[in-house]
Amino acid sequence: MNNIITVDNLNFKYGRNEVLKNISFEVEEGDYVGIVGPNGSGKTTLIKILLGLINSYEGQIHQNIADRNSIGYVPQKGVTNDRLFPATVKEIVITGLLSKKRGTKFYSKEDYNRVDTILNKLKIGDLKDKKIGNLSGGQQQRVLLARAMVSSPSILILDEPTSALDPEIREEFYKLLKELNKENVTIILVSHDILSIEKYISKILYLDKKLVFYGSYEDFRHSKEMVKYFGFIIKD
Ligand code: ADP
């Protein structure tokens, strides 16, 4: 297996506030990593660093990817609750190709075909001409996933994408992510709720400013770190 991300001795501070301390880990191609940890443990900061949004860190980060377009990002919140917001689903999704466009700002027939393909794959093809503000939270989440996926990234990073969703809709969303993962998209998913993601992930990264645990969920379940942080061991 090839490493797609290598983080070596990463340290980061906001002013004097040390947020990430001596973080080292490797993500292999095709991994599905769940990042968990208490509030304020540095999860979002770590993601921002991986996305290249924060550069003032110490340590080494190597990403074995063609360019920045190879990382797709799904943010935490939905798009809008404003029913009058003018953009349609297909217009939002096609902006996922914007950073790939050099020179021209016009979208081609091929670009629109790609949008159709990804919308159908994520089972929201019938929504393509709908205004985004008229969609439910779960539908908006899929639109954001489509927008991240339309440029065929090799890594997909998601920041608690389902926190506002109903449990069944969240489960469906996780299943969809697993299908993408099976097609060799490496997934990094930040979550508050370890139990809702444990059956999908291949590795867990438990962060509490330092790296408390990194490895398989099976090993985590039986580890002393698990007992320390949760006060119990999850039964089979
Ligand atoms: P998490 O995502 O695990 O909740 P964050 O990465 O958001 O954690 O935050 C880690 C720490 O960094 C917290 O103490 C938070 O208050 C602080 N922090 C986050 N963003 C900023 C910022 N833009 N400026 C200053 N401090 C910040």
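The values are calculated or read from the model by the stated rules, or taken from the named source; none is laboratory data. The model shown is predicted, which means the values in this text are computed figures rather than measured ones. Using ideal geometry, Cβ is built from the backbone for each residue, glycine included, and neighbour counts are taken over all protein chains shown. The protein model used for the area step is the full one, side chains on, heavy atoms only, and it has no ligands, DNA or RNA in it. Shrake-Rupley method; radii C 1.70, N 1.55, O 1.52, S 1.80 Å.
For the residues TYR57, TYR174, TYR14, a 1.4 Å probe over the protein chains yields an accessible-area ranking, largest first, of TYR14, TYR57, TYR174.
Only helices enter the 222 nm calculation for the chain: every DSSP H run of n ≥ 4 contributes -39,500 (n - 2.57), and dividing by all residues gives -8500 deg cm²/dmol, rounded to 500.
Mean separation of Cα pairs under 8 Å and 6 or more residues apart, divided by the residue count, gives the chain a relative contact order of 28 percent.
If you take all other residues with their beta carbon under 12 Å from the beta carbon of GLY125, and give Lys and Arg +1 and Asp and Glu -1, the sum is +3.
For region 83-153, the relative contact order comes to 54 percent (Cα pairs under 8 Å, sequence separation of at least 6). If you plug the beta carbon distance of ASN64 and LYS228 into 1/(1 + (r/R0)^6) with R0 = 35 Å, you get a FRET efficiency near 0.55. If only the Cβ of Lys and Arg carry +1 and only the Cβ of Asp and Glu carry -1, the dipole of region 83-153 around its Cα centre is close to 140 debye. Extension gain for TYR112 to PHE85 (0.36 nm times residue separation, less C-alpha to C-alpha distance): 7.6 nm. Once you list every other residue whose beta carbon is under 13 Å from the beta carbon of VAL89, what net charge do they have if Lys and Arg are +1 and Asp and Glu are -1? Counting the neighbours of VAL89, the net charge comes to +3. Computed about its Cα centre, the charge dipole of the chain is approximately 700 debye, with only Lys, Arg, Asp and Glu carrying charge at their Cβ. Here, region 83-153 has an Rg and a Dmax of 11.6, 36 Å when only alpha carbons are counted.
With no solvent and one equal point scatterer per Cα, compute the Debye intensity ratio I(q)/I(0) for the chain at 0.15 Å⁻¹ and report its log10, rounded to two decimals. Each listed q maps to, in turn, -1.07. The modelled label-to-label distance between SER152 and GLN76, using points 7 Å beyond Cα along the C-beta direction, is 3.3 nm. With 21 Å as the limit on Cα-Cα distance, the pairs of LYS48/LYS209; LYS123/LYS203; LYS121/LYS175 that go past it are LYS123/LYS203. Which one, GLN60, GLN140, GLN76, has the greatest fluctuation when you compute a Gaussian network model over the chain with C-alpha springs under 10 angstrom? Maximum among the listed residues: GLN60. Estimated from the Cβ-Cβ distance and a Förster radius of 30 angstrom, the FRET efficiency linking ASN55 and ASN184 is about 0.55. Fully extending the segment from LYS101 to ASN9, taken as 0.36 nm per residue of separation minus the present Cα-Cα distance, adds 29.6 nm.
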